[in-house]
Each structure stands twice: as C-alpha cells, then as structure tokens.
Amino acid sequence: MVVSASGNDRSRPVALWVIAAAMVILTASVATSAVAASSESANDTTDARKPKLKSIALSPLTFAGLPGATQQLTVSGTYSDGAVKTLKPATEKFSSSNTAVATVSSAGVVSVAAGAVAGATATIGALNKASGISTTAASSTVVTVLAPKLVSIALSPLSVQLAPNATPQQLTVTGTYSNGSTQTLPAAGESFSSSKLTIATVSPGGLVTVVSGALVGGTSTIGVTDVATGISASPSQSTVVTATLPSSNSVNAATQTANDNALCTAISPFYWEIGDQNDPLASGSVGLDNGAPISGSTQYSIASASKMLYGAYVTQVRGAASNLTPSDITFLTLTSGYANIPDTTTEASICPQTDHPDDVAQCLLLTSPLSQYPNEPFGYLIASEVGEFYYNSGHMEVHANQPSMAPLGTTPVAAIGSPNSLGSLFVAELGTDMDMAPLEPFNYTEPLIAGGVTTTGDVYAEVLRSILSGSLAFGDALGIDPVCTLSTMPDCTNTAGYTPFPLEAWHYSIGHWVEDATGEDGAFSSAGEFGFYPWIDSTKSYYGIVSHNAANSAYPSIECGRLIRAAFMTGTPQTEKIPTEVARQSKQH
C-alpha cells in the first residue's frame, strides 16, 4: 500500500502539467477563433460600405462622319455613391448594331464603314466585363453616315477646237468631294457661261457652239458654277474653245475678197496666201504680170519686209526673245536715234555697189543729199531723236555692225552662194532650204539689212510657219516692248517722229508693226515699200502674205491684205474698207 501510495504521489505533477498545457492550447484556440471572427466581421462591414458600379455610358453619344472617318469613344461608369469614373476600354466589350455602317475596335475606336450609305445609322454599345452592366439605348453612341461635301468642279474636255456652226461639243462637269471621290454632275444642276459670246455660246445643257463669223483662232473660256453650292470651276479647270478654220467658208470668203474687193483689185497683179504652222490653207493669184500670174515662187524685192526677217534673225542669234538686250530692243523698235539713211534715193539702191559698199560697215560710211543730215554718213547718230520712234533703215544697219552681231557687219553681199555671203548667214539662222537657184533664199542685192532682201513668197512663208511652230524663237518676240508710232496715241512713253502710215495708230515692236489700233485685229506685220506684205495673226495661229511689186504700194497692199485676213478669219467676204482709227476719230468730231 505504501508502495502504491508512493507511486501515485510521484505521477501527480506530470498530470498537472499536461492539464495545464491543454488549457493553454484551448485558450489560444479560443483567442484565435475570436480574432478570426472579429476580422471576418470587419471585412463584411468594409464590403458593405464600398461603392458599387451601377451604370455605364459612352461618349460622345452621337458621331457623324464620312465613310472612313474614325472616333475614339470614352466609357464612363456611375457608382452607388454617385461618383462618375472613366473606365478603361480593356474592361469593356464593345459592339455595333450594324457593322455595314460602323465597326468598333476593342479599344473603343469607331470607324465608319467604307461602303456605308449616306444617312445610315448604327448604335455602338458597351458591356462591362466584371459587372455585366451594359449601356442603355440612351447611353450608347449613335453613328450617322454623312454624305461627302462637294469641294470643287471641273469641265472636260479642257480644250475644244470647233469650226463655226459645226456639231456642238458636249461638256461634262465632274465634282470632287471631301472624301476624294469624284462624280459626274447633271448639267441641270449647273450654270454655264462663255467669256466671249462673239466666239462661242454654251447651252444650259453644256453644249458648246462656235458662232457664225467667229474670228478664226479666237478663243472663249467656258465656265461653270454649281447652282446648289455656288462652287465654280477655276480657270485651269474651265474649257477653252478655239474657233478653227470653217472649211470652205474661210477659203471661199478670202478668195472672193481677193478677187472682188475694190481695194484688192486696185493692186492687181498680186499673189496671196494664208496658212498655219504646217501648210498653206488658201492661196490665189489675181491679175497677170507680163502675161503670167504671180505665184509663191515669184521673186520680188521685199524692201521693209526685210525688217521682220532681221528681228527673227537677231532673236535666233540671242537664243530667245527673253535674251534680247535693252540695246537690241532700242535698235529693233527704231528708237535708237540712228535714222540718217534716206527712205528713197534717185538711185535704184540706197547702198549701190557702184559706191563699193560690199558690206554693212561700208554702207554706213555713205552720204546722201536726201538724208536728214546730208553731210553726215548713214551711220550718224541724231542725238535729238534718241528714244523717239523714227521709221528708218539706219537703226538696224548700225545694229548689224555692232560687235555682238559679228560677222554680220563685214560679210559681203557679192559672194552669192558662198558660205560667207550676207544671205547665207540668214539661211543658217532662219533655216530655210528653199531652192532659189542661182540666187540664195535671202538674196541681199545690197548690204541694207532693213530693206535689201529679194526673195519669194514661198521662202518667206516657210519662215512664218517656223515662227508659228516654235522652231524659230521669234514667236515670243511678237508684240513685245511696243512703242508708239504717233505722238497723238494715248499712254505713250516715247515721242514719235516719222511713220510711213500716219493714218494708223499702231505700235511698233521687234522689227514689225502691231496692228492694234481701235477696231483692228492686232496682227503682226512688216509691209515693204513695193507691196510685199507678210503677217501673223494676233493669236499666232495663222500667217499670210500679199506678194506685189509696184512703187509706193506698202499701204495699198496692207489695205487689201487685212481684208483678205478678215474674210478668212470670219468666213465672211469683205466688201467694205476697214476704217483706220484716225478716220474713225475724224468722223466722231
């Protein structure tokens, strides 16, 4: 018993320790559970207080655009506490009610479909992925397709050549829109106009007609305005109508005028020709010269018609009309003050070879009792006439002897057929290959640059065709730097002395007249004393020649030649005289 009792006493402390440990563990467990319970309760309270997403909306709510236009959408979320926040596109799923009208990317970018019809609509919606909340009809974006705006209009064709009363040309109006597309516009919605009704008219439907009697080579610009928008075609997108040769009308009218008009029969016999840059278009011979008709191959002294050839020669040597120097222009417009060569002499020539003026330089040393200053040489400078127009051969003669024109001044006329003759220099620059054997195409019978050429209508016509075609640079010199030839002309910057045509208020340009008096057609010409009259019309489309040979015939040939030109250009025979500006002014007073 003692032993047993003693054993129980020794085991009691162990049991007490076990019980104590268990109580500690239990207490800790209860505490942990209490803490956990307390934490869970706190979380529940926090979630209850956090604002919740209640609705979403897209902006802008409306978008109108052309096909191809894009728009970035923004998603706004409204929360339970009233806050509104911008939501990231990645949290949303976008959709389109009609992808044929508009599509939307995952980033919320709307694109109007390329083939979308103007006026069509599509609704773009969004779905919040986390909450499942979607936009309503009122908070979605409505996309409307706009019609492209007209930004410009143009006519076609841009260039039309028509004969008077020929079949009308239909014009087409093309509109260009803000999206880059183009469309043919109905003529009914456009308003057409013509800048010159004496050349061409245009119907409400866009049909262009060149009117009867329109000047051949004359132009009119056809414009158009879109009635609904007020947009007009720019000048570069308008149609330029050019009146062309009206077939037999022009030829017959010119022929009838040459044969029947009193001013033309007065200079019979003569040959006339009109052509373009390619070929003669009409020609004829009126009367007989020693029993034979005059033709394009008949050789005549062309006198002052040589001046236009020299203007062409100098321009070609310089390379372009723009390269003519101020000095060149002064000499070639006859305002240099070198005007001491007589217009006429008692001799057959001004620089006769009996005086041994084999070249220009020697001709300038001669004197004549018929000069303005008889005791001074032909090359004398009349200081008081510098800057004054004075029609005289001295200007070009002195110019040809300038160092810049070498070897023109010292090349003899006698060596016909020689590569060193005066005429051969002109052939080299002006390029004619006409055969005038045994003479040269430009046969200088004396070294008088402004009046010494003998040639044919055929040779001169070839030069004129080369001018029209641009093969010769002289076309750009026609009409430039004009000077007044009468002191009574308005707006003159120069004085005027002698002119052989005192009834004509014309200007003088680079070796040629500009027939630009009021009521005249502005042709460029260079009539010679014996009746050789070459011309180019003001549009530089046609040339003409009257080939005649009689003393004091320059102006009579002009009067006939411009009537033939008018008949050709209008297709109407000319029965009356073209009045001069001086004559018109005298009638008014």
For volume of the Cα convex hull per residue in Å³, with candidates (i) 229; (ii) 339; (iii) 261, the value calculated from the shown model is option (ii)
Could you check what % of the DSSP bridge pairs in the chain are antiparallel, to the nearest 5?
-> 90
Pairing the Cα long axis of helix 554-570 with the longest principal axis of the chain, what angle in degrees results, from 0 to 90 and rounded to the nearest 10?
-> 40
Output the peptides 144-153, 516-525 sorted from most to least packed, where packing is the average of other Cβ atoms within 10 Å over each peptide's residues.
-> 516-525, 144-153
What are the ³J(HN,Hα) values, in whole Hz, obtained from phi via the Karplus relation 6.51 cos²θ - 1.76 cosθ + 1.60 with θ = phi - 60°, for each residue of the stretch 475-491 in sequence order, with x given for Gly and Pro?
-> x, 6, 8, 5, x, 7, 6, x, 10, 6, 10, 10, 5, 7, 5, x, 6
Per the rule of 0.36 nm per residue minus the C-alpha distance, extending Asp343 to Ser131 adds in nm 65.3 nm
By how many nm would the segment from Ala118 to Leu150 lengthen if fully extended, with 0.36 nm per residue of separation less the alpha-carbon distance?
-> 10.1 nm
Tally of Lys pairs whose C-alpha atoms are under 26 Å apart, taken over the chain, 8 or more apart or cross-chain | 21
Residues with amide H under 5 Å from that of Ala69, placed H, sequence gap 5 or more = Val112
If you take the charge dipole of the chain about its Cα centre, with +1 on Lys and Arg Cβ and -1 on Asp and Glu Cβ, which of Val151, Ala496, Leu334 is farthest toward its positive end?
-> Val151
Cβ charges +1 (Lys, Arg) and -1 (Asp, Glu), total dipole of the chain, debye | 5300
Can you tell me the 0 to 90 degree angle between the C-alpha axis of helix 2-49 and the longest principal axis of the chain, rounded to 10?
-> 30
By per-residue mean of other Cβ atoms within 10 Å, what is the highest-first order of 304-317, 55-68?
-> 304-317, 55-68
Centroid-to-centroid separation of the stretch 79-99 and the stretch 223-263 [C-alpha atoms, Å] = 68
Could you work out how far helix 306-318 tilts from the main Cα principal axis of the chain, as a 0 to 90 degree angle to the nearest 10?
-> 40
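Expressed in nm to one decimal, what extension gain is obtained for the pair Thr74 and Ser191 from 0.36 nm per residue of sequence separation less their Cα-Cα distance? Display every interim value, and only then the final one.
Details: separation 117, 0.36 × 117 = 42.12 nm, distance 4.66 nm.
That works out to 37.5 nm of additional length.
Laboratory data are not the source of any read-out in this text; all were calculated from the coordinates shown. Computed from a predicted structure; not experimentally measured. Because the Cβ atoms are built from the backbone with ideal geometry, glycine has one as well, and the counts that use them run over all protein chains shown.
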